[in-house]
Amino acid sequence: MPAAVPSPLPTETVSISAVAAHAGVSVATVSRVMNEQAGVRAPTRDKVLASVAALGYRMNHLARSLRTAESRMLLTMVPDVGNPFYAQIVRGIDTVAREHGYFVLLCDTGADAGRERSYFDLLRMHRADGAICLDPDTVQHALSHESVSLPWVACCEFDPAVAVPYVGIDNHRAASDAVAHLLARGHTRIGLINSDERYLYARQRQQGYLDTLAAAGLPVQPQWVHTVQSLDYEAGTAATLRMMAEADAAPTAIFAVSDTLAIGVLSALRQLKKRVPEDVAVIGFDDIAIAAQIDPGLTTIAQPMRELGETAARLLLQRLADPAAQVPGVLLQHQLILRGSA
């Protein structure tokens, strides 16, 4: 019978000294390998890692943080973790964070300034090293006086007047592109379903809608503009049913400022026996995964969601590496994705 392979020692019994003895190197060398520091030759590094695997050693991150005053933890604060828009952004943040030895703590703030402040207390107490904030820019203003003293960056929502690095897109231009597409298809009665105007994106997308219609010489009927307080599918459905109740004055196209709202629009139009896009065209915003799977496929403005998260993480890491550096704001490109709904 083959010889039994010895099991790794229980994790709590394995010390860094045991790893060093097993690998035949110094404790300092093991420490450099585990902390991904330079100055260790590749064969030695491989030998240390083999000993780590054989013994089942796990680095004590708590002890490390006490020694270095670093938690290796980054906060990601989102207003609604149930919104699928944030999923790819968080994945992008997590990918870059892990590449640099950080962990990510996902914080659901509910877009509440008080809850956001409580999470920022983790920065003040050095239980987290930095934060990425996706809350409304109006909520971020509550922290603007700490834009220098605390390491955080803004993602999607930002105020350029606040001295905080940010990443986002040009929402005004993106909304204008959506409305211009509907105009090019011959629509002159275009409705808007907008979300909570505490959000910068909601204000900018509505202004892009209004400015594009004005440039085309078209009036905006108040009954064609509906503001909802959530991005739930049901909110888009309810707003559409109210909008389409205008009989002879109902719109022939609807622009919704998120895909979740736009999918709700499609649901309402099915209830009303309206054909899409023959009777009413629909455009959404974000290009979440389900947008390509529904029938008809949703024409939408695609945001580079994963790239937004990756860029936000890199901006934060730049700020952590050099707190005095001037880290610029970044605007990424959007794209109009044409499918069957418009």
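The values are calculated or read from the model by the stated rules, or taken from the named source; none is laboratory data. Note that this is a predicted model, so its numbers are computed, not measured. When we count neighbours, we look across all protein chains shown, and the Cβ atoms used for this are built from the backbone with ideal geometry, even at glycine. With ligands, DNA and RNA removed, areas are computed over all heavy atoms of the protein, side chains included. Shrake-Rupley method; radii C 1.70, N 1.55, O 1.52, S 1.80 Å.
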Please give the per residue accessible area of the chain, computed with a probe of 1.4 Å over protein heavy atoms only, in Å².
47 Å²
Mean residue ellipticity at 222 nm from the helices of the chain, using -39,500 (n - 2.57) per DSSP H segment of n ≥ 4 over the full residue count, to the nearest 500 deg cm²/dmol?
-12500 deg cm²/dmol
Among THR260, GLY24, SER51, the residue whose Cα sits farthest towards the positive end of the charge dipole of the chain (+1 at Cβ of Lys and Arg, -1 at Cβ of Asp and Glu, taken about the Cα centre) is GLY24
If you add up the charges near GLU197, with Lys and Arg at +1 and Asp and Glu at -1, over every other residue whose beta carbon is less than 15 angstrom from its beta carbon, what do you get?
-2
Stokes-Einstein D (µm²/s) once Rh is taken as the Kirkwood radius of the stretch 296-342 over alpha-carbon pairs, at 4 °C in 1.567 mPa s:
101 µm²/s
Net charge (Lys, Arg +1; Asp, Glu -1) of residues whose beta-carbon lies under 12 Å from that of ALA302, ALA302 excluded, is -3
Return the Rg/Rh value of the stretch 173-295, two decimal places, where both radii are evaluated on C-alpha atoms and Rh is the Kirkwood radius.
0.92
Using alpha carbons only, how many degrees (0 to 90, rounded to 10) separate the axis of helix 233-243 from the longest principal axis of the chain?
10 degrees
Can you list the residues, at least 5 places off or on another chain, whose amide H is less than 5 Å from the amide H of LEU336, using H built in the peptide plane?
ALA302
Cα-based helix-to-principal-axis angle, 259-271 vs the chain, degrees rounded to 10
40 degrees
What is the sum of charges around LEU75, taking Lys and Arg as +1, Asp and Glu as -1, for the other residues whose C-beta is under 11 Å from the C-beta of LEU75?
-2
For all pairs of alpha-carbon atoms in the chain, what percent lies in each bin of width 10 Å, listed from the first bin to the last filled one?
5, 22, 24, 18, 14, 9, 6, 2, 0
Is the C-alpha gyration tensor of the stretch 198-240 telling us rounded, prolate or oblate? Criteria: a/c under 1.5 is rounded; beyond that, a/b larger than b/c is prolate, otherwise oblate.
oblate
By per-residue mean of other Cβ atoms within 10 Å, what is the highest-first order of 114-123, 310-319, 210-219?
310-319, 114-123, 210-219
